[in-house]
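*Asks:* Sharing a structure below in structure tokens format, with a few things to ask.
The values are calculated or read from the model by the stated rules, or taken from the named source; none is laboratory data. No experiment lies behind these values; they were computed from the predicted model shown. Using ideal geometry, Cβ is built from the backbone for each residue, glycine included, and neighbour counts are taken over all protein chains shown.
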Amino acid sequence: MEKMWAGRFQKALDKEADDFNSSIHFDCKMYKQDITGSMKHAAMLAMQNIISDDDCDKITAGLQSILDDLNNGDLAFDMDAEDIHMFVESELTKRIGDVGKRLHTARSRNDQVAVDIRLFLRDETNEIIVLVKKLLAAILVQAKAHKTSILPGYTHLQRAQPITFAHHLLAYAMMFTRDIGRLEDALKRMNYSPLGSCALSGTTYNTNREFVAEALGFDGITLNSIDGVSDRDFCVELMSAYSTIMMHLSRFSEEIILWSSWEFKFIELDDSYTTGSSIMPQKKNPDMAELVRGKTGRVYGNLFTMLTVLKGIPLAYNKDMQEDKECIFDSIDTLKQCLKVFAPMIETMTVLTDNMYSAAQKGFINATDLADYLTKKGMPFRSAYKIVGQIVAFCINNNLVLETMSLEDYNKYSDLFEEDLYKEISLETCVSKRISAGGTGIESVEKQIEYVSTFID
Ligand code: ARG
């Protein structure tokens, strides 16, 4: 296919170089956005009397027919085209003749691609927000069912204090609510139209950039034409927000993997989200969670690709910027896949509350509460802390836990211990007495559930 810019050249582009240069095999993903942008651009050109209404009608009808044909598979992308913008324009000219050649007045591929990618990312990111909300809904199903299921909370992966499973799950829910906020913030900053920046310096035509911006759902126009075509900050911001979601999913995955091991056995994943082994008949592997954890590296890598592509390029457009697309597309596809599998995996998992409870009975996770018991009876906390440390050591040496040690033995350490200590250090009391705001007590957990519910439409 002859290049649109062939006029200046004596020789055709070398075949390898042509393939190397072409982006159609990945930017074809943006065909809808490219065509919509062109339709609004043509409408503006007519409104400003830069092209006639009649030409605008022909262009619009031509673009619509291309869109329809691509949508129902009646038109295939020409992989010899340089990119999606060239493909649509040459297909338009094929269909409506020379009128099609008027479309590219007062614009450049540089502002066209900058518009297309913003529109594309806006659509995709809104889909991602919906998927994160679905994940929140799945977490809420489990949280509501386990408001009083007790398990050990950990620090350093050592049993620390008793918590409820709902409280633990809601910690992840809070992270995902902030993730939604990060995506929405980035969308807000991105939502300005660069169309009309043209190659880099604006245009001599009497265009109306605000009209196009509004027609495409932008909040306004970019104020500097050089920035309009050079900026890819929004890709960095979005990819960093995508990476943060993956990081959260990956942490959560790590716990899912641990909890499904025989060493923990706190949960059992549903058969539909686990796989077997080719050799070990007993195996039930948490592959989905492992893949999410693994794919996190890939999404981080894409963010670094983007940052590195941008770090050394002078203003304005440089072909390096064509490298913005594959990495961000891959991050989007990966993140969407992960979210689509992760949410139902959480919703369908079986929570083995007895195992959680018996883990909570070991490891002296009520030791803080025993120290608090003494403190509330007047002993300074540091002294109480020391005595309880000695009691724990005594229990370990004598194969006891705090609940099974006799009052007589307790009194060897302090006269303040009385019969009521056993009730005070029961796991149920430890949890229900954590009444501080944001704590694991039931009131706080219910407040958290209420808050997270506000994110679900
Ligand atoms: N395919 C190009 C990209 O993705 C479109 C813009 C090309 N502009 C240019 N002057 N070569 O970045």
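*Asks:* Taking R107, is it in contact with a helix residue (DSSP H, G or I) (Cβ under 7 Å, 6 or more places away or on another chain), surrounded by fewer than 21 Cβ atoms within 10 Å (Cβ to Cβ) and of a type outside the set (A, V, I, L, M, F, W, C)?
*Replies:* No, not satisfied.
*Asks:* May I pose another question? Output the residues belonging to region 45-72 that are among the aliphatic types (A, V, I, L, M) and more than 30 Å from I328 (Cα to Cα).
*Replies:* Selection gives L45, A46, M47, I50, I51, I59, A61.
*Asks:* A further question follows. Just the residues that are of a type in the set (A, V, I, L, M, F, W, C), within 16 Å of the ligand (Cβ to nearest atom), out of contact with any Gly (no Cβ under 6 Å at 6 or more places or on another chain) and assigned to a helix (DSSP H, G or I), please, taken from region 91-138.
*Replies:* V113, A114, I117, L119, F120, L121
*Asks:* Now for a different question. Would you mind stating whether L151 is surrounded by 21 or more Cβ atoms within 10 Å (Cβ to Cβ), more than 23 Å from the chain's Cα centre (by Cα) and under 30 Å from L352 (Cβ atoms)?
*Replies:* yes
*Asks:* If we keep just the residues of region 445-457 that are assigned to a helix (DSSP H, G or I) and in contact with a Ser or Thr (Cβ under 9 Å, 6 or more places away or on another chain), which is nearest to A371 (Cα to Cα)?
*Replies:* Restricting to residues being assigned to a helix (DSSP H, G or I) and in contact with a Ser or Thr (Cβ under 9 Å, 6 or more places away or on another chain), the top hit is V445.
Every residue, every condition in (1) of a type in the set (D, E, K, R); (2) not in a helix (DSSP H, G or I), yes or no:
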{"position": "Q33", "(1), (2)": "no, no"}
{"position": "H41", "(1), (2)": "no, no"}
{"position": "M44", "(1), (2)": "no, no"}
{"position": "I51", "(1), (2)": "no, yes"}
{"position": "D57", "(1), (2)": "yes, no"}
{"position": "S65", "(1), (2)": "no, no"}
{"position": "L75", "(1), (2)": "no, yes"}
{"position": "E82", "(1), (2)": "yes, yes"}
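*Asks:* What residue, of T334, T296, T305, is part of a helix (DSSP H, G or I), at negative phi, within 16 Å of the ligand (Cβ to nearest atom) and not aliphatic (A, V, I, L, M)?
*Replies:* T305
*Asks:* Looking at (1) in a loop (DSSP other than H, G, I, E, B); (2) surrounded by 12 or more Cβ atoms within 10 Å (Cβ to Cβ); (3) at pLDDT below 95, which is the one condition that is false for T368?
*Replies:* Condition (1) is where T368 drops out.
*Asks:* Hey, another quick one. Restricting to region 120-167, what's the tally of residues that are without any contact (Cβ under 8 Å) to a residue 24 or more places away in the chain and either among the polar types (S, T, N, Q) or closer than 15 Å to S432 by Cα (or both)?
*Replies:* Selection size over region 120-167: 1.
*Asks:* When the residues of region 427-438 are narrowed to those that are out of contact with any strand residue (DSSP E or B) (no Cβ under 9 Å at 6 or more places or on another chain) and not β-branched (V, I, T), which ends up nearest to H167 (Cα to Cα)?
*Replies:* Looking at residues that are out of contact with any strand residue (DSSP E or B) (no Cβ under 9 Å at 6 or more places or on another chain) and not β-branched (V, I, T), I get G438.
Per-residue answers, yes or no, for (1) touching a residue at least 24 places away in the same chain (Cβ under 8 Å); (2) of a type in the set (A, V, I, L, M, F, W, C); (3) within 22 Å of C327 (Cα to Cα):
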position	(1), (2), (3)
K32	yes, no, yes
I35	yes, yes, no
D57	no, no, no
D68	no, no, no
G73	no, no, no
H85	yes, no, yes
V113	yes, yes, yes
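*Asks:* Say whether the condition of being more than 30 Å from A145 (Cβ to Cβ) and surrounded by fewer than 16 Cβ atoms within 10 Å (Cβ to Cβ) is met by at least one residue in region 255-276.
*Replies:* Within region 255-276, not a single residue is more than 30 Å from A145 (Cβ to Cβ) and surrounded by fewer than 16 Cβ atoms within 10 Å (Cβ to Cβ).
*Asks:* Which residue pairs have Cβ atoms under 7 Å apart, sit 6 or more places apart or on different chains, and have a first residue in region 255-268 that is touching a residue at least 12 places away in the same chain (Cβ under 8 Å) and a second that is of a type in the set (S, T, Y)?
*Replies:* I267/S260; I267/T350; E268/S260; E268/T350
*Asks:* Take R178 and decide whether it is surrounded by fewer than 16 Cβ atoms within 10 Å (Cβ to Cβ) and not acidic (D, E).
*Replies:* Yes: the conditions hold for R178.
*Asks:* Hey, does region 345-356 have a residue that's away from the ligand (no atom under 12 Å from the Cβ) and touching a His at 6+ places or on another chain (Cβ under 8 Å)?
*Replies:* Looking for residues that are away from the ligand (no atom under 12 Å from the Cβ) and touching a His at 6+ places or on another chain (Cβ under 8 Å), one finds at least one in region 345-356, hence yes.
*Asks:* Under the condition of being part of a helix (DSSP H, G or I) and in contact (Cβ under 8 Å) with a residue 40 or more places away in the chain, which residue from region 186-208 is surrounded by the most Cβ atoms within 10 Å (Cβ to Cβ)?
*Replies:* A186
*Asks:* Sort through A46, A81 and tell me the only one that's crowded, with 16+ Cβ neighbours inside 10 Å and without any contact (Cβ under 8 Å) to a residue 24 or more places away in the chain.
*Replies:* Result of the check over A46, A81: A46.
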